[in-house]
Each structure stands twice: as C-alpha cells, then as structure tokens.
1. Select from Glu236, Glu224, Glu140 the residue whose mean-square fluctuation is largest in a Gaussian network model of the chain (Cα-Cα springs shorter than 10 Å).
2. Name the long-range amide H neighbours of Ile243: under 5 Å, sequence gap of 5 or more, or other chain; modelled H, no Pro or chain starts.
3. Multiplying the sequence separation of Asp311 and Thr168 by 0.36 nm and subtracting their Cα-Cα distance, what value in nm do you get?
4. Which of the lysines could be linked to Lys123 by a straight reach, that is with a Cα gap under 25 Å, when you skip same-chain ones fewer than 8 residues away?
5. Show me 122-128, 271-277 ranked by packing, highest mean number of other Cβ atoms within 10 Å first.
6. Below 8 Å between Cα atoms, with a sequence gap of 6+, how large is the relative contact order for the stretch 279-392 in percent?
7. Could you run the Karplus curve 6.51 cos²θ - 1.76 cosθ + 1.60 with θ = phi - 60° over the stretch 81-97 and give me ³J(HN,Hα) per residue in whole Hz, x for Gly and Pro?
8. Evaluate the distance, in nm, between pseudo-label points positioned 7 Å from the Cα of Arg335 and of Thr79 along their respective Cα→Cβ axes.
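No lab work stands behind these numbers, since they all come straight from the coordinates. Being a predicted model, the structure only gives us computed values, none of them experimental. Here the Cβ positions follow ideal geometry from the backbone for every residue, glycine too, while neighbour counts run over all protein chains shown.
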Amino acid sequence: MLKRFIIGLLLLLIVLVPLASCGGGGGTAITNVSDNPGDSLSPRLMVDREDDLHLVCFDISTGNNEILYAEKAGDSGWTKPFNISNNPSHSRSPSLAVDSQGTTYVAWHDYAPGNFDIFYSQKPKGGTWSEPYNVTNNQEPSSNPALAVDSQGTVHLAWQQDTLKENTDLYYTDIYYAFRNRDGTWSEAVNVSHNDGDSFYPSIAVDSQDNIHIVWCDNTPGNEDIFYATKSKGGEWSEPANISNNSGDSEYPMLVADSQDTLHLAWCDFTQGNWEILYSSKFKGDSWSEPLNISRNFSNSGVPALAVDKDDNLYLAWNDDSPGNFDIFYVSKPRDGTWSKVVNISRTSEKSGDPSIAVDNQSRVHIVWSEYVQNNNNWDIVYTARQGIGAK
C-alpha cells in the first residue's frame, strides 16, 4: 500500500496542467512565495508570538536540493528565500520550530557526508542562520526529521534511521530521538520504536508540561499502523502503542498538543479501499478516541496538516483528488464542537499538494502548499490566509 501511495504522489509531481484563476476558496489571494526557476517542495510553516510567519522548503533551482527559508512580518510581503543548507549535495525534508523568543529552528536530511544525516541550523529573531550542524553523523542513513521546542527553549528532534539487526546483515528502520540543551550540546540518540518492523514518518509534539509525544508509521503488525510513545520531563520513553490498529495501511501522521495538553492526531488511512483522512484525540490521562473519518469521499486524501490556536480550536488541511485533480481541502473544529464542512482552498486546475498550516494570535489561519505553476513550468510554494474561528 505504501508503494501505491508514493506512486500517486510521484504522479502528482509530473502531471502538467494549465494555470487557472488564483481564487483562494474564501481566503486571501494566493501568493507565490518561492517563485524560482526550479521546483520548490515540502513547505513547512510556523508562526511566532508576534504573528510573524516562518517558512522552509526544499528547492532544486541550483541543480541540487537546497533548504530555503523565507519570512513574513505582519502585513509586509515575503522575504526573498534564503539558502540555509548551501552545499552541492542533496538536502530535503525540512522540519521547522519556533520558540517563545522567536528563535527559528530547522532540521533536514542531507547527503553532504556521503550518506543521509540529519542536519540542524537555528536563527535568533532578527539574526542570521548558524552553520549547519550534523546531529546524527553516523554511517546508517537518517531521514525525515521532526522538530519541536519546549517552554525552556530545549529543542527536541525525532527522525527515522536504519539499524542493523543483531547477528544479521539486514537493516530495519527505527524512530530515534535526541534533544539539544540551551548550551548547544546534543544528547545521545535514543531508539524510541525498538521493534522488529520498519518505523518511519515521525511527528513530534511538546505539551505545556514539557512532556514529549511522538507518533509514527510502523509495519510491525504486518500492515502499516500509527504508533505512539511519550516521555515525561526527566522520565523514560513509554512502550510504543498502536493507535490506528486496523486492517488497512495508515500513514503520514501529524500530531499537535493544545493548551490543555489534549493531543490531536490526523493521518491518512486505506482501510476502506481508498485513502481517507482520519482523526483521533487523547485527553490528558485518558486513552485515544475512536478514529473519525474527516474526508469521507471515494477519492484519495493524503498528507494531512494540523494546527491548533490559542483557544484550542483545530484546523486541518490535506491534498485531495476528488475534484479530478489534487486540490487542498480544509476544515476547522471549535473546541468541544464538531468539524466544519470541507472547503476547497486551492480550487484550481493545478496540481496542489503537501500543505502546511499555522494559526496566529488573532486566529488568522495561514496555509502554504506546493503547486504546479504553468507560467514558471515548475512547482512553487504558494500561500493564502483566511479568518479562523473567533477571528475579529
């Protein structure tokens, strides 16, 4: 099932279609942020406490994959993308976090050492980017990092890494975790999944008590399920628990924590014979809720992006091919309320995918995604905004 989904995403990236009107489905006009001669993909978006936006993606304009960063302060426009990785190798799959002081943190996987390692850089608000640092620095390939930062400014990092099975020459993939102290030192990496299957696509969240929560996709049961582990501050990692636990494949989990330490999780699931977006939540000290089907159509829905605002309202976006091509769909949910009707955000004849979503302190919802732009004959990162729940 994984191969089927990956093939679908690859087809998304090679189908060329004509440019349509830049309608935003009720939001602001769609803006091209990257606007480069090469493809720009995998955008990740965050907002800081001053409501400034921070965006990373990877871009092939230089002939190899580079990690680019842009920011948007208030009502001003986006800055020109800045090359963070800046090396002749391949840098992909960026992850992004911003702390309470506005310091921005980025991690990605990079082939500069001769195999894929996890690299890291940071920038204080108004400052410059640090030299990229190789966090993993080992012979086993490491990829798909996920970043979060806690209330003390400690950076938490999860990633997938190939591990050699004991007494064999076979490798399997596990989820690893490390943290960066305020003094700049990194902890030893810890194997969080430690099972006999392959574990990949981690997502990480930190709650108000600085407890760490990680979810990932895992094929230990024989099909791909969503697994979860947690670690209290100063404690040890829990045993992994199977959250989805169904007969179909479950992939691409996305996890956030609200102000009450309720965990919210979305993923794409093939149990019904097509890819659907499912959602589950976990109140503090409780078990995970029964998964709810959010997309509820007969087409393919994938790559969910999830965000929570200061009032614990939820916002969810994903790419969906029910219009006949992949568009970006969006729903919202008030705290203690029900999910809204689905809205098509991109609403073009373009191919659109891989959204990322962030909500500012004014409950304004910001969304970016990758979209094929025929005028540029490539994939660019585009942006729109809309009013969230309770916005004035």
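1. Its mean-square fluctuation being the largest, the pick is Glu236.
2. Under 5 Å from the amide H of Ile243 lie the amide H atoms of Ile226, Phe227, Tyr228, each far enough along the sequence or on another chain.
3. Taking Asp311 through Thr168 to full extension adds about 46.4 nm, to one decimal.
4. Within the straight-line cut-off, Lys123 pairs with Lys72, Lys80, Lys310.
5. Taking the mean over residues of other Cβ atoms within 10 Å, the ranking is 271-277, 122-128.
6. Here the relative contact order equals 18 percent.
7. Listing the rounded values in order: x, 10, 7, 7, 6, 6, 9, x, 9, 10, 10, 9, 6, x, 10, 9, 8 Hz.
8. That separation, rounded to one decimal, is 3.3 nm.
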